[in-house]
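Heads up: the structure comes next, in structure tokens.
The values are calculated or read from the model by the stated rules, or taken from the named source; none is laboratory data. If you're wondering where the values come from, they're calculated on a predicted model, not measured in any experiment. Don't worry about glycine lacking a Cβ; one is built from the backbone with ideal geometry, like all the others, and counts go over all protein chains shown. Accessible surface areas use protein heavy atoms only, side chains included; no ligands, DNA or RNA. Shrake-Rupley method; radii C 1.70, N 1.55, O 1.52, S 1.80 Å.
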Amino acid sequence: MREKTGSRMPRADLNVVLSVLTPMPSLDEQRKIVAGIDTRRGVILQLRRSLIRQLEDIGELKDKIIHEIFTPEKHSLVPLGQVLLQQTRGIGTDWANYPVYGATRRGLALAKEKVGKHGERYKPIHPSTVFYNPMRILLGSIAMLPDSGQQGITSPDYVVVISDRDKLDALAFYEWFRGPYGRRMILDLARGAVRERILFPRLAKGTIPLPKIAEQRTAAQVLIQANHIASWIEMQLLDIETLDQAVLCEAFE
């Protein structure tokens, strides 16, 4: 009868593991090592919590800025179709020269999927371009390429829009679109749809309270600085995760 396979380690591999010599410090030394690890990881945990709180504060600040600028009671509602232009044309035959971007709940990200058979149909993404996955917009899959970003392309299935620069600041709109007001509008537009997706013709029917462009641009400068700080904090969080792993590795050297 054949032996059943499963999670049991093969006998040959088990013998190899058992034959490995592992340094074994005294019990007192082990306790000192554990105490040192706990102390250092405690400091790391405090730093991590502090940085997360700072990210939350920045998020609240951005929401307040958007609320003050795009207050429905202060401004007339304008259909998005009057201030947004849809980008439908593909990049063309030189598609392989550009990075491929996607939209996630966290915003801009390099796409994980490879370019399909028709790379020429992928849509160009320029700085200040806002784009989203119409099948996942209810989950917040909206992104924007910042002014410092490298021009790229995105899936032809995505909706790509460019704002009328004389009426709507792209960054201010992006933050509004991803924020509470935008989410509320998205949910309203999705109601009654055959499928829970929002293509541009449906988005164009949504409305936005439109302040003067000068007010939007002033707010956008503050938002840019807030985003820079948030990006720096996120990099520090990544470094902290690496540091935490390094503490564990160092303890067992």
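Observations on the model:
- The loop-placed trypsin sites (Lys or Arg not before Pro) in segment 61-92, going by DSSP, that have at most 14 neighbouring Cβ atoms within 10 Å of their Cβ come out as 74, 89.
- For residue 207, residues with placed amide H under 5 Å, excluding near neighbours: 80
- Estimated distance in nm for a label pair at residue 243 and residue 126, the labels positioned 7 Å out from Cα along Cα-to-Cβ: 4.2
- Using θ = phi - 60° and Karplus 6.51 cos²θ - 1.76 cosθ + 1.60, couplings along segment 116-124 (whole Hz; Gly, Pro as x): x, 5, 10, x, 5, 8, 5, 8, x
- Coupling constants for segment 44-60 follow from the phi torsions by the Karplus curve (6.51 cos²θ - 1.76 cosθ + 1.60, θ = phi - 60°), and in residue order they are 4, 5, 5, 4, 4, 4, 5, 5, 5, 4, 5, 4, 5, 5, 5, x, 5 Hz; glycine and proline get x.
- Approximate spin-label separation residue 50-residue 236, in nm, with each point projected 7 Å along Cα-to-Cβ: 0.7
- For residue 154, the residues 5 or more places off, or on other chains, whose built amide H falls under 5 Å of its own are 101, 123, 125.
- Förster radius 22 Å - calculated FRET efficiency between residue 190 and residue 106 (Cβ-Cβ, nearest 0.05): 0.55
- Accessible area (Å², per residue) of segment 137-191, counting only protein heavy atoms and a probe of 1.4 Å: 44
- Potential extension, residue 139-residue 197 segment - 0.36 nm per residue separation minus Cα distance: 19.8 nm
- Length released on extending from residue 222 to residue 77, taking residue separation times 0.36 nm less the Cα-Cα span: 49.8 nm
- Computed lengthening from residue 162 to residue 43, 0.36 nm per intervening residue step minus Cα-Cα distance: 38.3 nm
- Shown in residue order for segment 82-87 are the 3J(HN,Hα) couplings computed by the Karplus curve 6.51 cos²θ - 1.76 cosθ + 1.60 at θ = phi - 60°: 8, 10, 10, 10, 7, 9 Hz (x for Gly and Pro).
- Measuring r between the beta carbons of residue 60 and residue 28 and using R0 = 41 Å, the FRET efficiency lands at 0.25.
- Solvent exposure of residue 85, expressed as accessible area, is near 120 Å², computed with a probe of 1.4 Å over the protein chains only.
- Around residue 160: net Lys/Arg minus Asp/Glu count, Cβ-Cβ under 13 Å: +2
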